[in-house]
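Undergrad: Quick one: structure below, then a few questions.
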Amino acid sequence: MNRNSNHYINIKFQTGAIDSEGVNGCQVEDVISVLVDKLKSHQNGEFACPENSIAITNLQSANYALRVRKERLENKEREHEHHEIYEH
């Protein structure tokens, strides 16, 4: 898919839970952050355009949604652990 064989992308995503597997890859949020940074660099140069700005906003919204999901799941896990402690 590359137009130029000198430029490529190789992404290794996290496999399994970090708690049990350790960090062994990146998260979707990491990739989104790289894309936002790249688009922001375009906005500071000759490739600036309204579409890049829209893409940045939408990618930031995606990262926000993923962060909210992560916080919700972490809170749910803590709540479950809390109930287990006090039920025994």
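The values are calculated or read from the model by the stated rules, or taken from the named source; none is laboratory data. On a predicted model such as this, the values are computed, not experimentally measured, just so you know. Every residue, glycine among them, receives a Cβ derived from its backbone with ideal geometry; neighbour counts consider all protein chains shown.
Undergrad: Among (1) out of contact with any His (no Cβ under 7 Å at 6 or more places or on another chain); (2) modelled with pLDDT of 95 or more; (3) assigned to a helix (DSSP H, G or I), where does Glu84 come up short?
TA: Every condition holds for Glu84 apart from (2).
Undergrad: Would you say Lys38 is at pLDDT 95 or above, surrounded by 10 or more Cβ atoms within 10 Å (Cβ to Cβ) and closer than 26 Å to Cys26 by Cα?
TA: In short, yes.
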